[in-house]
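Taking it in order: structure first as structure tokens, then the write-up.
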Protein chains: 4
Amino acid sequence: MGLNSFGILYRFSSWGESHGKAIGVVLDGVPAGIHLSLEMIQNLLHRRRPGLSVYTSSRKESDEFELLSGLVDGITTGAPLSFLVKNEDVKSNAYQEFLGVYRPGHADYAWDKKYGIWDPHGGGRASARETVARVIAGAVAMQILPPSVVISARVVQVGEYQDPDEIQEAILKAKQRGDSLGGLVEVVATGVPTGLGEPVYEKLDARIAYAMMSIPAAKCVEIGSGRNCVSMQGSQHNDEMDDNGFLSNHAGGILGGVSTGQPLVVRVSFKPTASIFLPQKTVDNRGNPVCLKLKGRHDPCVAYRAPVIVESMLAVVLADFFLIARTRRL
Amino acid sequence: MGLNSFGILYRFSSWGESHGKAIGVVLDGVPAGIHLSLEMIQNLLHRRRPGLSVYTSSRKESDEFELLSGLVDGITTGAPLSFLVKNEDVKSNAYQEFLGVYRPGHADYAWDKKYGIWDPHGGGRASARETVARVIAGAVAMQILPPSVVISARVVQVGEYQDPDEIQEAILKAKQRGDSLGGLVEVVATGVPTGLGEPVYEKLDARIAYAMMSIPAAKCVEIGSGRNCVSMQGSQHNDEMDDNGFLSNHAGGILGGVSTGQPLVVRVSFKPTASIFLPQKTVDNRGNPVCLKLKGRHDPCVAYRAPVIVESMLAVVLADFFLIARTRRL
Amino acid sequence: MGLNSFGILYRFSSWGESHGKAIGVVLDGVPAGIHLSLEMIQNLLHRRRPGLSVYTSSRKESDEFELLSGLVDGITTGAPLSFLVKNEDVKSNAYQEFLGVYRPGHADYAWDKKYGIWDPHGGGRASARETVARVIAGAVAMQILPPSVVISARVVQVGEYQDPDEIQEAILKAKQRGDSLGGLVEVVATGVPTGLGEPVYEKLDARIAYAMMSIPAAKCVEIGSGRNCVSMQGSQHNDEMDDNGFLSNHAGGILGGVSTGQPLVVRVSFKPTASIFLPQKTVDNRGNPVCLKLKGRHDPCVAYRAPVIVESMLAVVLADFFLIARTRRL
Amino acid sequence: MGLNSFGILYRFSSWGESHGKAIGVVLDGVPAGIHLSLEMIQNLLHRRRPGLSVYTSSRKESDEFELLSGLVDGITTGAPLSFLVKNEDVKSNAYQEFLGVYRPGHADYAWDKKYGIWDPHGGGRASARETVARVIAGAVAMQILPPSVVISARVVQVGEYQDPDEIQEAILKAKQRGDSLGGLVEVVATGVPTGLGEPVYEKLDARIAYAMMSIPAAKCVEIGSGRNCVSMQGSQHNDEMDDNGFLSNHAGGILGGVSTGQPLVVRVSFKPTASIFLPQKTVDNRGNPVCLKLKGRHDPCVAYRAPVIVESMLAVVLADFFLIARTRRL
């Protein structure tokens, strides 16, 4: 199975902690013969990087990767691609003061109960730093997919706001208060071939939900009409067809778990960043009450950095099903 | 992998079509030594059955199962349990008139494009009849889980309505119009042990999203605060703790992908039943426009039958992680 | 994963006990669009059947199967194929006398220690009756593979004998003595496409060894030169090439875990049937010494019935890799 | 699935080519709380290293590993362990002369046909250098297993010889001739708990065969009596029991796919090293006949370096089943 892997045929496995030496990802099942653009990978990684604007964390990460295997003369050989990204600008001191204290909204409590040991340095394995692996896997997935496929995500709501200027203002204000905000990311994929997804338990929408909900801070995944379908009638929701194709897209590009060729539409809700700088009630690992006031560097709105991760996870799922689809008809 | 299987260690595989001879499910990874209550399985199946009230389809299905393997003297042996449920009251004629016509909102178009062949009788493999397998798997899962775990789902919204009486009235009206309604199901699991879920890609919430979105007609999965987290601030959303435990549960019982021991809270949105009895524009498999007016028997609100399925899928995920958790510390 | 499943993309899952109501197998990942010959399946099952000659057990099994799902008009739809074979001529009485006694050479002791419960009727799940599932899976696999692939197995040695007449005489004599004999089965597959097998851990030879050693009573698996390679020199063993191709086939058709297009050559050694009718020292499940003298019906040489099973397992492995190979180059 | 991974719950994934920057392995499913001995890992790696004696290749590899993740204060956290071993003493020049020529007995031809591209430098991904990953995975597996388990392998035959002195002499002579020799390795594991192995397709012997046959150059895997069972009778082969336990061990410690607690006995035959220094007929990748006379550094007998790899693969399989066994009874 692989607890730290995602995918069936196209499969990535990640390793590494926030404040360790490096994090890495191994990509397995990459078809042979792809002229791999490393530049495209780097570009996506740059989009993920914090410190790009006042809206996000000020941690500096160059996110330069090393590719250690799987290429000959720039072409994939069918062997695994191993990527390594060194950790830089690691300030573990910021975490020293509250060693043993469970930070609200973080994995600390649950993981300590689970494993009986937990790595307090920057969240360890639970850190959003792990999403570097997702982005690399996504960038290669995009190069497995046919060039017709275009995947694009954006923040469509933060707090109550949907207007970009208002969103930015709201984030800045939250940051100044030491607080954080939730946000909603929408991703659309066009040019997706029909026939991707494997009923009945490996449906395209099921695996998209799986992929998206595994992203740190995700709390909701919607396909097409999503949450709004609850208050719709069948006569509204059904996408009628004529000889030009579908007349609407409430399905979000998926029927019966299989892509229809219409644009895929997926929305992911991200909770407000758990790391805030206001005093919070919590306990330590001996059960003693603590008033925690965090220091450090954190994104005031994780959703703001999420679009590239959401795009990447969608690409991973699509590339996987694109390969599998080749085996479903002779 | 197994396209028609779900689960890692506790794993079910289903087979069968709506209008075939039978449908069945094979349960693998069931621990030895469980005194299996078949009555509990039958009770859950009865809850799933259509025809129980005017609010649902009038198809009669007794849903009596046969258990063909895996027990000695009522006790599980560790071998697979094979369940078979015969199909009854199959009226294929209802589908004859529109053979080759893609029903809006159904799998027909996508599956035909995918496989180059599709079974038009009652939806074939895409039929909600397949959920019998999920319920059986769930009923056994509940007997693997510790008795502390209590899982309960209910319909909390249909259309615009949240009041049970108003919901029933709205469904009746929709049925009379030949239309259908969407609905929202909430499931809560209490008594869940801490430590279930396997970061970072087999998180509890990720696999719940996967399981729920694989249910026919699901369009949205929410964990805890869910979709509402978008308009919240970190200082509201974070669940603080004191020496009595958590002071709120926006997390929905999961932090860092691992259960915290708080109640698990999951919501699933179901689209309005695709089979409606109003005229709809569509095409047939040669691309000719058709005005489709369906006949037959269909639930006007699939959400209304969904709670037992949602409970079952949650039980399957929890039982799987309950077993896996035994391997994560020596 | 699936403890009772075999295969990656083309995957079969079996269930059922020797003396239960039925045994069955579910085939997943079968490509859509295959005109399935049920006659071919029945023919293979007939070859597996005991009672065909004096050399094998006298248990009568008609082995008529029912196919319960996955076909429309005789063509595969991509959905799982579910096969059921009812158990007949079950004489559990034969096992009553020695309930609780561990039969030497059987699974009894090990399974009882493992599960704390074991089904003593005819070996339960451990019975060779399970190989019906393998043969059905193999018969469908052969219909997934290109028609060029021809798989043929035969018994090449029993005891010390390699001559067919001597083999038959030796088996008869062993039967008269109440004893049993080991045997060696060789399978050759010609017309296998190049490029099947997935280095470095899903090598073709590795998965063949896995498949073959999972057959009841198998103790040794050899590829090509097999056990004899130990006493060879590289200059003998290496298969040289000229412009007509390979000049020898010590490799057995596999290099670096991948098929070369040469004939696949695999040999499987089967131990003598564990059920013999001579007195044997053993213990019961309370540790008491017992002198066991079995009655019942058993093959005096399991190898004699094994060729069709060996062919089937090879077909399953090849069909699986045939599908996977489609995803390894774009 | 993961083509470059091995194991179910305890699972390792390797990457890297012989003449690339490094090779590595990621270990997933390692239980939390293990005080990991890195020294033990290094010791096993040293045993694998070539250049230790005149009997093996003269390539110098220090095989010092870096551990990049998964530990806090020397204790496993449940997160993946990532190991990296840099490649040193890489002499690609040795391979320049025969670029594009298929070396007899090597993966070259098959992989080129499969992928349409192949890495000629030192065998690329097909190199025995990959076995570093197996040894690391095995060394950690040994620390997951109960301390009662002792695994020990040795070369029991090379060519026709079984006496250690004669074996060494035969290898030296083969080396002087530019030729190579096959060999047989036997591994015995004592102290193995009863109940490991998951019938009926994940049997202990089946997965051992799978693991062993995936080792480069393996051609035969035997369990217990192995190949010799062919010429035995049931009355000889069956291991009788009395109140002191088993009276013999032809089963090799496994009955019905499950460990009995007796010593596990497994033998693996390794073909003679494919790289020999005598002239050989072959073709290049355009089909032209070539007379190949290899240069470079190669083991004259791969079996001589194999014991530590065989031990490692057995440990991996046992650790995996040791974890799984915890889930098979509540």
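Exactly one condition in (1) touching a strand residue (DSSP E or B) at 6+ places or on another chain (Cβ under 7 Å); (2) more than 27 Å from residue A:79 (Cβ to Cβ); (3) of a type outside the set (S, T, N, Q) is not met by residue C:239; state its number. Failing condition for residue C:239: (2). Here segment B:62-84 is the region considered, the condition is being more than 18 Å from the chain's Cα centre (by Cα) and more than 14 Å from chain C (Cβ to nearest Cβ), and the residue that is modelled with the lowest pLDDT is B:62. Do we find a residue being at pLDDT 95 or above and part of a helix (DSSP H, G or I) anywhere in segment A:236-259? Yes: segment A:236-259 contains one or more residues that are at pLDDT 95 or above and part of a helix (DSSP H, G or I).
What number of residues in segment C:233-246 are under 31 Å from the mean Cα position of the chain (by Cα) and of a type in the set (A, V, I, L, M, F, W, C)? Before the answer, list the steps.
Here is the first cut: in segment C:233-246, the residues under 31 Å from the mean Cα position of the chain (by Cα) are C:237-239, C:246.
After this cut, where a residue has to be of a type in the set (A, V, I, L, M, F, W, C) as well, the list is C:246.
Matching residues across segment C:233-246 total 1.
The number of residues in segment B:2-22 that are out of contact with any Ser or Thr (no Cβ under 9 Å at 6 or more places or on another chain) and at pLDDT below 95 comes to 1.
Can you confirm whether residue A:161 is modelled with pLDDT of 95 or more, more than 15 Å from the chain's Cα centre (by Cα) and closer than 30 Å to residue A:328 by Cα?
Details: modelled with pLDDT of 95 or more: yes; more than 15 Å from the chain's Cα centre (by Cα): yes; closer than 30 Å to residue A:328 by Cα: no.
Here the answer is no, as residue A:161 does not meet what is asked.
Scanning segment C:229-247 for residues that are surrounded by fewer than 24 Cβ atoms within 10 Å (Cβ to Cβ) and out of contact with any helix residue (DSSP H, G or I) (no Cβ under 9 Å at 6 or more places or on another chain) yields a total of 9. Residue A:256 satisfies every condition listed in (1) under 16 Å from the mean Cα position of the chain (by Cα); (2) small (Gly, Ala, Ser); (3) under 14 Å from residue B:114 (Cβ atoms) except (1). Residue pairs whose Cβ atoms lie under 8 Å apart, separated by 6 or more positions or on different chains, with the first residue in segment A:101-119 and over 20 Å from residue A:214 (Cβ atoms) and facing another protein chain (nearest Cβ under 7 Å) and the second assigned to a loop (DSSP other than H, G, I, E, B) and aliphatic (A, V, I, L, M), are A:104/A:274.
Only residues that are of a type in the set (Gly, Ala, Ser) and either under 17 Å from residue C:210 (Cβ atoms) or buried (at least 24 other Cβ atoms within 10 Å of the Cβ) (or both): list them for segment C:290-318, please.
Restricting attention to segment C:290-318, the residues satisfying the condition of being of a type in the set (Gly, Ala, Ser) are C:296, C:303, C:306, C:312, C:315.
Residues satisfying the conditions are C:303, C:306, C:312, C:315.
When the residues of segment D:274-289 are narrowed to those that are in a strand (DSSP E or B) and either under 14 Å from the mean Cα position of the chain (by Cα) or among the charged types (D, E, K, R) (or both), which ends up surrounded by the fewest Cβ atoms within 10 Å (Cβ to Cβ)? Walk me through how you get there before you give the answer.
Of all residues in segment D:274-289, those in a strand (DSSP E or B) come to D:280-284, D:289.
Now drop any that are not either under 14 Å from the mean Cα position of the chain (by Cα) or among the charged types (D, E, K, R) (or both), which leaves D:281, D:284.
Details: D:281: 14, D:284: 16.
My answer is D:281.
Tell me, please, whether a residue that is within 26 Å of residue C:118 (Cβ to Cβ) and either modelled with pLDDT under 95 or among the β-branched types (Val, Ile, Thr) (or both) can be found in segment C:25-40. Scanning segment C:25-40 turns up at least one residue that is within 26 Å of residue C:118 (Cβ to Cβ) and either modelled with pLDDT under 95 or among the β-branched types (Val, Ile, Thr) (or both).
Would you be able to tell me the number of residues in segment A:253-273 that are more than 9 Å from every other protein chain (Cβ to nearest Cβ) and surrounded by fewer than 24 Cβ atoms within 10 Å (Cβ to Cβ)? Full working, then the answer.
Residues of segment A:253-273 that are more than 9 Å from every other protein chain (Cβ to nearest Cβ), as a first pass: A:253, A:262-266, A:268.
Pick out the ones that are also surrounded by fewer than 24 Cβ atoms within 10 Å (Cβ to Cβ) and you get A:262-263, A:265.
Count: 3.
When segment D:214-247 is filtered for residues that are farther than 24 Å from residue C:127 by Cβ, at the interface with chain C (Cβ under 7 Å from one of its Cβ atoms) and in contact (Cβ under 8 Å) with a residue 40 or more places away in the chain, the ones remaining, listed by number, are D:214, D:219, D:220, D:221, D:222. Is segment C:292-306 home to any residue that is within 10 Å of another protein chain (Cβ to nearest Cβ), over 20 Å from the mean Cα position of the chain (by Cα) and more than 22 Å from residue C:183 (Cα to Cα)? Within segment C:292-306, one or more residues are within 10 Å of another protein chain (Cβ to nearest Cβ), over 20 Å from the mean Cα position of the chain (by Cα) and more than 22 Å from residue C:183 (Cα to Cα). Can you tell me which residue is surrounded by the most Cβ atoms within 10 Å (Cβ to Cβ) among those in segment D:155-169 that are within 11 Å of another protein chain (Cβ to nearest Cβ) and assigned to a loop (DSSP other than H, G, I, E, B)? For segment D:155-169, the residue satisfying everything is D:159. Do we have residue B:194 as part of a loop (DSSP other than H, G, I, E, B) and at pLDDT 95 or above here? Judged against the criteria, residue B:194 is a match. Residues that are within 26 Å of residue A:216 (Cβ to Cβ) and outside any loop (DSSP other than H, G, I, E, B) do occur in segment B:171-184. Total residues in segment A:170-211 satisfying the condition of being at the interface with chain B (Cβ under 7 Å from one of its Cβ atoms) and farther than 23 Å from residue B:124 by Cβ: the figure is 9. Going by what's in this entry, would residue A:253 be described as among the small types (Gly, Ala, Ser), within 18 Å of residue A:315 (Cα to Cα) and touching a strand residue (DSSP E or B) at 6+ places or on another chain (Cβ under 8 Å)? For residue A:253, the condition - among the small types (Gly, Ala, Ser), within 18 Å of residue A:315 (Cα to Cα) and touching a strand residue (DSSP E or B) at 6+ places or on another chain (Cβ under 8 Å) - is met. Looking across segment D:15-33, the residues that are at the interface with another protein chain (Cβ under 7 Å from one of its Cβ atoms) and either within 26 Å of residue D:207 (Cα to Cα) or in a strand (DSSP E or B) (or both) come down to D:15, D:16, D:17, D:22, D:24, D:26, D:28, D:29, D:31, D:32.
The single condition from (1) under 25 Å from residue C:206 (Cα atoms); (2) in contact with a Leu (Cβ under 8 Å, 6 or more places away or on another chain) that residue C:301 fails is (1).
The values are calculated or read from the model by the stated rules, or taken from the named source; none is laboratory data. In this text, all values refer to a predicted model and were calculated from it rather than measured experimentally. Cβ atoms come from the backbone with ideal geometry, glycine included; neighbour counts cover every protein chain shown.
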